1. List every residue pair whose Cβ atoms sit under 8 Å apart, with the two residues 6 or more apart in sequence or on different chains, where the first one lies in the stretch 7-32 and is on the phi < 0 side of the Ramachandran plot and the second, anywhere, is among the charged types (D, E, K, R).
2. Taking the conditions exactly as written (out of contact with any Cys (no Cβ under 9 Å at 6 or more places or on another chain), on the phi < 0 side of the Ramachandran plot, charged (D, E, K, R) and modelled with pLDDT of 95 or more), does GLU68 satisfy them or not?
3. Would the stretch 90-105 turn up any residue that is modelled with pLDDT under 95, assigned to a strand (DSSP E or B) and not hydrophobic (A, V, I, L, M, F, W, C)?
4. Listed residues VAL49, VAL55, VAL6; which is in contact with a strand residue (DSSP E or B) (Cβ under 8 Å, 6 or more places away or on another chain) and more than 15 Å from LEU116 (Cβ to Cβ)?
5. Is it the case that some residue within the stretch 31-41 is farther than 12 Å from SER9 by Cβ and in contact with a Leu (Cβ under 8 Å, 6 or more places away or on another chain)?
6. Would you mind listing the helices (runs of 4 or more DSSP H) fully within the stretch 1-72 where at least 3 residues are loosely packed, with under 15 Cβ neighbours inside 10 Å?
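The values are calculated or read from the model by the stated rules, or taken from the named source; none is laboratory data. Note that the structure is predicted; figures quoted are calculated from it, not measured. Cβ placement follows ideal geometry from the backbone for every residue including glycine, while neighbour counts extend to all protein chains displayed.
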Amino acid sequence: MWHAFVHASHTSNPQDPQLPRYTSGNALKIITADLSKSRRSHQIGKGNVALHPTVTGARPASAPTEVEIRDCLDDSNWLEYKESGGLVDDVPGGKHRVEALVTSKSGTWTVTAFALHGVGTCT
């Protein structure tokens, strides 16, 4: 999901076909709304994020259809730029605690919900 979001942010494209491949429900709404806002503001993202996800739960245990994931997303190397070229600001990102719910529907796994916490919420 995060790599699809970063890819879409390079052009602020809320219609990027990778997004519904990896997200659905509320997660997709949040991501497309953020990209739409960036597009209206003529801003794009550059760089990438570092991820270290771990599974923290699965339901039902015998044949999971929901998986909970915790991550410490590092966006230190991803900044927002004006479409015209300059930085929006020079404030670096950092490490954010993230919790996500990944759900299987008809054999396809997508992130359906996530919470991205502020910089410094994980190490």
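1. Every condition considered, the pairs that remain are HIS7/ASP16; ALA8/ASP16; HIS10/LYS46; ASN13/ARG39; PRO14/ARG39; SER24/LYS105.
2. Numbers: out of contact with any Cys (no Cβ under 9 Å at 6 or more places or on another chain): yes; on the phi < 0 side of the Ramachandran plot: yes; charged (D, E, K, R): yes; modelled with pLDDT of 95 or more: yes.
Against the criterion (out of contact with any Cys (no Cβ under 9 Å at 6 or more places or on another chain), on the phi < 0 side of the Ramachandran plot, charged (D, E, K, R) and modelled with pLDDT of 95 or more), GLU68 qualifies.
3. Kept after step one, since they are modelled with pLDDT under 95, are these residues of the stretch 90-105: 90-93, 105.
Adding the requirement that they be assigned to a strand (DSSP E or B) leaves 105.
Pick out the ones that are also not hydrophobic (A, V, I, L, M, F, W, C) and you get 105.
For the stretch 90-105, residues modelled with pLDDT under 95, assigned to a strand (DSSP E or B) and not hydrophobic (A, V, I, L, M, F, W, C): present.
4. Numbers: VAL49 fails: more than 15 Å from LEU116 (Cβ to Cβ); VAL6 fails: more than 15 Å from LEU116 (Cβ to Cβ).
Matching residue, one of VAL49, VAL55, VAL6: VAL55.
5. Taking every residue of the stretch 31-41 in turn, none turns out to be farther than 12 Å from SER9 by Cβ and in contact with a Leu (Cβ under 8 Å, 6 or more places away or on another chain).
6. Values: elements: 2-9, 19-22, 25-40.
Filter on the stretch 1-72 gives 25-40.
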